[in-house]
Amino acid sequence: MRRCRVLHSYALLIALWCSASSAQTLLGGGAQWHPYSFEDADGQATGIAVDIVRKVMKQSGLQVEFVFYPANRLNLLLDEGHLDLNYADSPQWNSANASERFVYSQPYLHVREYLYFLKDHPARQLSLGELQGLRIGIVRGYTYQTLDAPLRDKRLMKVETSREPALLDLLMLGRVDAIAVVDDVFTDLLSARHLEPGRFARGAKLSEAPLVIKLQRQHADRLPELNTALEGLVRSGEVERIRRSYLVNQTAKPAKKSADR
């Protein structure tokens with residue numbers, strides 16, 4: 001009888017080991033996009049989106065390894081199938097045929113993108129359709145559907161750079177007329193540099209984009225459990241708690257024009 005118990009214990013241990021070793025680890029790519037995703041001083045992945053997705057993956061019995069690339073390189077690696085997912089993406093930032101290769105989770109946040117000007121720029125209160133002959137700073141690899149037509153028609157000119165901090169430098173040096181940035185990201189930039197929000201003006205709204213997990217289509221069977229976990233975190237208020245924990249010092253906002261476009 002004792003021998004049977006020992007054999008049963010060994011069998012149980014083997015089963016648990018197999019179960020643990022078969023837990024799938026997904027490679028999740030993202031950009032250095034403070035405060036949503038970035039590496040801290042110790043080289044660890046952190047940020048609003050990272051914390052949310054880490055919780056979602058844990059609840060779904062999945063493991064994720066977070067890696068960081070410049071946006072254009074990130075998109076290329078996803079298109080070539082070298083990454084399993086982008087944990088902070090939006091259908092609005094993808095081409096119409098992207099759904100042939102990828103699937104999207106339900107949104108866990110919405111982010112608002114605007115043009116930002118220096119406070120006295122004469123175009124700061126104009127609608128997007130009224131803007132002419134301006135240089136717009138954009139992070140290389142980022143896309144804005146509302147800017148496609150004016151850029152294609154050369155009514156606006158695109159100036160690309162590597163990351164949002166470099167965009168702010170271009171704006172302050174007068175090398176661009178405006179920069180395209182998410183509102184939380186812009187406020188974070190000002191806070192990090194101790195800049196007065198009154199030096200800047202928020203202009204035309206570019207989008208209000210749902211933030212989702214974008215997965216390679218072969219992982220589509222994971223969507224139901226991921227969506228269930230996301231829904232629970234949103235409904236419980238945990239998503240907003242995580243967001244606010246990163247924005248706690250962002251109390252001031254740049255000047256807002258009379259109405260969003």
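The values are calculated or read from the model by the stated rules, or taken from the named source; none is laboratory data. Keep in mind it's a predicted model, so treat the numbers as computed, not measured. We place every Cβ from the backbone using ideal geometry, glycine too, and count neighbours over all the protein chains shown. Side chains included, ligands, DNA and RNA excluded: accessible areas come from the protein's heavy atoms. Shrake-Rupley method; radii C 1.70, N 1.55, O 1.52, S 1.80 Å.
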*With θ set to phi - 60° and the Karplus curve 6.51 cos²θ - 1.76 cosθ + 1.60, what are the ³J(HN,Hα) couplings of region 44-56 in order, to the nearest whole Hz, using x for Gly and Pro?*
8, 5, 8, x, 4, 5, 4, 4, 5, 5, 4, 5, 4
*Per DSSP, loop GluC sites (Glu not before Pro) in region 20-97 with at most 15 further Cβ within 10 Å*: Glu80
*Considering Cα pairs under 8 angstrom that are at least six residues apart, work out the relative contact order of region 50-191 and quote it in whole percent.*
26
_Hz values of 3J(HN,Hα) by residue in region 214-230 - Karplus curve (6.51, -1.76, 1.60), Gly and Pro given as x_ = 9, 10, 4, 4, 5, 9, 4, 5, 7, 4, x, 6, 5, 5, 4, 5, 4
*Could you give the distance between the Cα centres of region 137-190 and region 55-104, to the whole Å?*
23
_Sites Arg217 and Arg193 - FRET efficiency at Förster radius 35 Å, r taken between beta-carbons, to 0.05_ = 0.30
*Among 175-185, 197-207, 101-111, 218-228, how do they line up from the highest to the lowest mean number of other beta-carbon atoms within 10 Å?*
175-185, 197-207, 101-111, 218-228
*asked:* From Cα pairs below 8 angstrom and at least 6 apart in sequence, can you work out the relative contact order of region 110-207, rounded to a whole percent?
replied: 50
*Beta bridges by DSSP in the chain, antiparallel share as percent, to the nearest 5*: 55
*Does a label point 7 Å from the Cα of Thr228, set along Cα-to-beta-carbon, have any residues of region 46-73 with amide nitrogen under 15 Å, and which are they?*
56-62
_R0 of 25 Å, Cβ-Cβ distance Lys58-Ser99: FRET efficiency to nearest 0.05_ = 0.35
*Which pairs in the list Lys158/Lys205; Lys154/Lys205; Lys119/Lys205; Lys119/Lys154 are over 22 Å apart, alpha-carbon to alpha-carbon?*
Lys119/Lys154
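Please report the antiparallel percentage of the DSSP beta bridges confined to region 110-207, to the nearest 5.
Details: 9 of 17 bridges.
Once the DSSP bridges in region 110-207 are tallied, antiparallel ones form about 55 percent.
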*For Lys55, which aspartates and glutamates qualify as cross-link partners when the Cα separation must be under 15 Å and same-chain residues fewer than eight apart are set aside?*
Glu65, Glu225, Glu231, Glu238, Glu240
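With a 1.4 Å probe and all protein chains in place, put Trp33, Trp93 in order of accessible area, largest first. Could you put the intermediate results ahead of the total?
Numbers: Trp33 15, Trp93 55 Å².
Greatest to least solvent exposure: Trp93, Trp33.
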*Using only alpha carbons, build the gyration tensor for the chain and give me the equivalent ellipsoid semi-axes, biggest first, whole Å.*
42, 20, 15
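Counting pairs of alpha carbon atoms under 8 Å apart in space and at least six apart in sequence, what relative contact order in percent does the chain give? Write out the running numbers ahead of the final one.
Details: 441 pairs, mean separation 67.8, N = 261.
So the answer I get is 26 percent.
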